[in-house]
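S.K.: Sharing a structure with you now.
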Amino acid sequence: MDGIELLLNRRSSPVLESPGPTPEQLEIMFQAALRAPDHARLRPWRFLTVSGEAREALGELLAKAARSDRQDLSEDALRRFRGMPLRAPTLVLAICPVKEHPKVPDIEQKMSLAAAVQSLLLAAFDQGVGAIWRTGDLCYHPIVAEGLGLAHNEQLMGFIYLGKPVGVSRERKPLNTEMFVKEWKQT
């Protein structure tokens, strides 16, 4: 697939199953991620991979964080939180280690991480690996940050779920660019 075709056809895969990506496929995804735009070469990204039984431990951490916010959570709700990491055979946690810099504010560093994640998603799609980037309140929860061992300047920016896509992808029609693009005219 050529680059333009890749960019125009990438899609998220919400339902994933085994197998997860191979170590070689993950390496390509990370190499692509590390080519993201990076003002001042701060490299404001870090990734944790989670697979196998570690997904269950991550699920327990998510349930613990959810329960800390709502003591009255039902066992069914807690089971749902525990099951979140089990929705794919492999997860990549995208972390932004924000660095103090006089010319590169926090937002630029987070945008760089977002660009790295997009490159990772594109590399996954190009290799036939299904992927979806998920966030949510637990992504930014202090108990989750502590459980993952994040430093005070680090923020979890998302869970990337990876695996074999299940089902047939629906054909997506191109969006009308005129709805999103206008020429600026000085007044």
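Quick grid of which residues meet (1) at pLDDT 95 or above; (2) touching a helix residue (DSSP H, G or I) at 6+ places or on another chain (Cβ under 9 Å); (3) closer than 16 Å to Ile95 by Cβ:
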site: Arg35; (1), (2), (3): yes, yes, no
site: Asp38; (1), (2), (3): yes, yes, yes
site: Leu42; (1), (2), (3): yes, yes, yes
site: Val50; (1), (2), (3): yes, yes, yes
site: Ala57; (1), (2), (3): yes, yes, no
site: Ala66; (1), (2), (3): yes, yes, no
site: Ser74; (1), (2), (3): yes, no, no
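S.K.: Further, regarding this structure: Can you tell me which of (1) touching a residue at least 40 places away in the same chain (Cβ under 8 Å); (2) farther than 19 Å from Val166 by Cβ; (3) under 19 Å from the mean Cα position of the chain (by Cα) is the one Ala88 doesn't meet?
M.R.: Condition not satisfied by Ala88: (2).
S.K.: Continuing with this model, one more query. List pairs: first in region 137-154 and under 16 Å from Phe47 (Cα atoms), second part of a helix (DSSP H, G or I) and of a type in the set (Lys, Arg), Cβ under 9 Å, 6+ apart or cross-chain?
M.R.: Between residues of region 137-154 that are under 16 Å from Phe47 (Cα atoms) and residues that are part of a helix (DSSP H, G or I) and of a type in the set (Lys, Arg), the close pairs are Val144/Lys64; Gly147/Lys64.
S.K.: Just give me the residues in region 43-72 being in a loop (DSSP other than H, G, I, E, B) and surrounded by fewer than 16 Cβ atoms within 10 Å (Cβ to Cβ), in sequence order.
M.R.: Residues satisfying the conditions are Arg43, Gly52, Glu53, Arg70, Gln71, Asp72.
S.K.: While we're looking at this one, here's another question. Identify all residues within region 152-171 that are loosely packed, with under 11 Cβ neighbours inside 10 Å and either among the aromatic types (Phe, Trp, Tyr) or within 30 Å of Glu108 (Cβ to Cβ) (or both); write none if there are none.
M.R.: Selection gives His152 alone.
S.K.: Counting just the residues of region 1-33 that are among the small types (Gly, Ala, Ser), out of contact with any Ser or Thr (no Cβ under 8 Å at 6 or more places or on another chain) and within 20 Å of Leu91 (Cα to Cα), which one comes out surrounded by the most Cβ atoms within 10 Å (Cβ to Cβ)?
M.R.: Ser12
The values are calculated or read from the model by the stated rules, or taken from the named source; none is laboratory data. Here the structure is a predicted model, which means the values were calculated and not measured. Cβ: placed from backbone, ideal geometry, glycine included. Neighbour counts: every protein chain shown.
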